[in-house]
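So the structure is just underneath, and the comments pick up after that.
The values are calculated or read from the model by the stated rules, or taken from the named source; none is laboratory data. Everything numeric in this text was worked out from a predicted model, so none of it was measured. Every residue, glycine as well, gets a Cβ built from its backbone with ideal geometry; the counts of neighbours run over all protein chains shown.
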Amino acid sequence: MYVEFYGLKDEPFNITPDPAFFFYSKGHEEAFFSLLYGIKTRKGFMELTGPIGTGKTTLYRALLDRLGTEARSALVINPNLSGIQLLQTIIEDFDVKVPKKDRKSYFDALNSFLMTLAQTGSTALLIIDEAQDLKPSTLEQIRLLSNFETNKAKLLQILLVGQPELRTLLSKPTLAQIRQRITVSVTLSPLTRDETERYIRHRIHAAGGHDMLIFDSAAVDEIYHYSQGIPRLINVLCDKALLMAFVRRNNQELKSLIEKAPPMPGVP
C-alpha cells in the first residue's frame, strides 16, 4: 500500500525469509561463512540455532542462493516424521527414483545418487528445520544418513536448524553419537542497537530506498526497545510505522506510532 508513496520497489519489512534482504550482522556473517565452509569442505553434520525470529530461515535460504548449482538440496520443514517418512521426504526432494518404497530401497537409491553427485563435483545438502522437535527415533535415522561417505569426505551434508532447545536435546547422553559428529555449530543472537539501525537502513536500500525514510535516531531507539533486536519484530514494527505514517501523512510523531503498534508476545 505504501510502497509507491515512499518511492520503493518492494516492501522493505516483509516478514517472509527473502534472501535478497539478508543482513550481515557480525553474528550472522560468522554463521553464514562458517556453514558455507562446512558445506563446501563436506564436513557432514552442522547445527544452526537461535531464538525465534533471529533469521535462521533467511540465513539458510541465503546459503542456498550462494551455493547455486554447486549443491543439490532437500528441505524438511516438518520434524514430526517417522524415520521412514523422513527418508521418503528426502528421496522426493532430491527427485530420486526408487523401485520399491521400503527402507533398504531408499538407502540404496540415496547412496547411488550421492555417489554419482560426488563424481560430478557437486554436493548434497539436507536441511532439517525446527529440529528441536525431532523424535529420538528420527534423529537416529538422521545419524545413519551421515554414514554415507568416501574415505575422504561425507557425501551428505546435514544442517540441523532449530531453536535453543535443539542444543538441550542434543546434549542428552543417548544422543552422544550425533552430538560428537557435529563439526560446525553456530548460534544467532539478537541485533545490537547499532546493528538494528544498520539493519533498517539495509532493508530500505534493498527495497529501492535511498535513505532512512521516516526512521530517525529516536525512532530507532524505540524500535530497538520494543523489538529487543529480534529481526522479525523489527520488521513488524517498521512495517506498521510506515503504514500508519502513510495513512496519516504524518511522520512527525513516529515514536507514538511505534508505541501504538499492536503488542507482540515476549515484547516488554
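Can you find even one residue in segment 160-176 that is β-branched (Val, Ile, Thr), under 14 Å from LEU48 (Cα atoms) and either buried (at least 20 other Cβ atoms within 10 Å of the Cβ) or assigned by TED's automatic domain parsing to the domain that holds LYS40 (or both)?
Taking segment 160-176 first, the residues β-branched (Val, Ile, Thr) are 161, 168, 174.
After this cut, where a residue has to be under 14 Å from LEU48 (Cα atoms) as well, the list is 161, 168.
Right, trim to either buried (at least 20 other Cβ atoms within 10 Å of the Cβ) or assigned by TED's automatic domain parsing to the domain that holds LYS40 (or both) and you get 161, 168.
Taking every residue of segment 160-176 in turn, at least one turns out to be β-branched (Val, Ile, Thr), under 14 Å from LEU48 (Cα atoms) and either buried (at least 20 other Cβ atoms within 10 Å of the Cβ) or assigned by TED's automatic domain parsing to the domain that holds LYS40 (or both).
Looking only at residues in segment 145-159 that are surrounded by fewer than 22 Cβ atoms within 10 Å (Cβ to Cβ) and not hydrophobic (A, V, I, L, M, F, W, C), which one is farthest from LEU64 (Cα to Cα)?
Here the residue is ASN151.
Could you please let me know if ILE214 is free of Cβ contacts under 8 Å to residues at least 40 places away in the same chain, not assigned by TED's automatic domain parsing to the domain that holds PRO51 and not aromatic (Phe, Trp, Tyr)?
Details: free of Cβ contacts under 8 Å to residues at least 40 places away in the same chain: no; not assigned by TED's automatic domain parsing to the domain that holds PRO51: yes; not aromatic (Phe, Trp, Tyr): yes.
Taking the combined requirement at face value, the residue does not satisfy it.
Look through LEU35, LEU48, LEU64 and report the one residue that is within 25 Å of ASN147 (Cα to Cα), of a type in the set (A, V, I, L, M), at pLDDT 95 or above and surrounded by fewer than 19 Cβ atoms within 10 Å (Cβ to Cβ). Quick ask: steps written out before the conclusion?
Numbers: LEU35 fails: surrounded by fewer than 19 Cβ atoms within 10 Å (Cβ to Cβ); LEU48 fails: surrounded by fewer than 19 Cβ atoms within 10 Å (Cβ to Cβ).
Among LEU35, LEU48, LEU64, only LEU64 is within 25 Å of ASN147 (Cα to Cα), of a type in the set (A, V, I, L, M), at pLDDT 95 or above and surrounded by fewer than 19 Cβ atoms within 10 Å (Cβ to Cβ).
From ILE90, ILE77, which residue is within 18 Å of ILE127 (Cβ to Cβ) and crowded, with 17+ Cβ neighbours inside 10 Å?
Working: ILE77 fails: crowded, with 17+ Cβ neighbours inside 10 Å.
Only one candidate passes the filter, namely ILE90.
Report the residue count in segment 5-51 for those that are over 20 Å from ILE200 (Cβ atoms) and outside any helix (DSSP H, G or I).
9
I'd like to verify a number: residues in segment 144-193 that are at pLDDT below 95, of a type in the set (D, E, K, R) and over 22 Å from ARG42 (Cβ atoms), how many?
Qualifying residue count, segment 144-193: 2.
Considering (1) within 29 Å of GLY121 (Cα to Cα); (2) assigned to a loop (DSSP other than H, G, I, E, B); (3) of a type in the set (A, V, I, L, M, F, W, C), say which one LEU191 fails and leave the rest.
With respect to (1) within 29 Å of GLY121 (Cα to Cα); (2) assigned to a loop (DSSP other than H, G, I, E, B); (3) of a type in the set (A, V, I, L, M, F, W, C), LEU191 is out only on (1).
Any idea which residue in segment 101-135 is surrounded by the most Cβ atoms within 10 Å (Cβ to Cβ), counting only those that are assigned to a helix (DSSP H, G or I) and either touching a helix residue (DSSP H, G or I) at 6+ places or on another chain (Cβ under 8 Å) or β-branched (Val, Ile, Thr) (or both)?
Let us first name the residues in segment 101-135 that are assigned to a helix (DSSP H, G or I), namely 103-119, 131-133.
Among the residues that remain, those that are also either touching a helix residue (DSSP H, G or I) at 6+ places or on another chain (Cβ under 8 Å) or β-branched (Val, Ile, Thr) (or both) are: 103, 106-107, 109-110, 116, 131-132.
Working: ARG103: 14, TYR106: 20, PHE107: 17, ALA109: 18, LEU110: 22, THR116: 10, ALA131: 25, GLN132: 18.
Within segment 101-135, the match that is surrounded by the most Cβ atoms within 10 Å (Cβ to Cβ) is ALA131.
Considering only residues of segment 22-32 that are surrounded by fewer than 19 Cβ atoms within 10 Å (Cβ to Cβ) and not basic (Lys, Arg), which is farthest from LEU160 (Cα to Cα)?
In the first step, residues of segment 22-32 are kept if they are surrounded by fewer than 19 Cβ atoms within 10 Å (Cβ to Cβ); the result is 24, 26, 29-30.
Cutting the leftovers down to not basic (Lys, Arg) gives us 24, 29-30.
On the way: TYR24: 21, GLU29: 18, GLU30: 17 Å.
Restricting to residues being surrounded by fewer than 19 Cβ atoms within 10 Å (Cβ to Cβ) and not basic (Lys, Arg), the top hit is TYR24.
Out of THR54, THR58, report the one residue that is part of a loop (DSSP other than H, G, I, E, B), β-branched (Val, Ile, Thr) and buried (at least 20 other Cβ atoms within 10 Å of the Cβ). Give the steps one after another, and end with the answer.
Working: THR58 fails: part of a loop (DSSP other than H, G, I, E, B).
The match here is THR54.
Kindly check whether there is at least one residue in segment 15-29 that is over 26 Å from HIS210 (Cβ atoms), free of Cβ contacts under 8 Å to residues at least 12 places away in the same chain and out of contact with any Asp or Glu (no Cβ under 6 Å at 6 or more places or on another chain). Steps first, answer last, please.
Here is the first cut: in segment 15-29, the ones over 26 Å from HIS210 (Cβ atoms) are 27.
When the remaining residues are screened for being free of Cβ contacts under 8 Å to residues at least 12 places away in the same chain, the result is none.
Checked against the condition, which is being over 26 Å from HIS210 (Cβ atoms), free of Cβ contacts under 8 Å to residues at least 12 places away in the same chain and out of contact with any Asp or Glu (no Cβ under 6 Å at 6 or more places or on another chain), segment 15-29 yields no hits at all.
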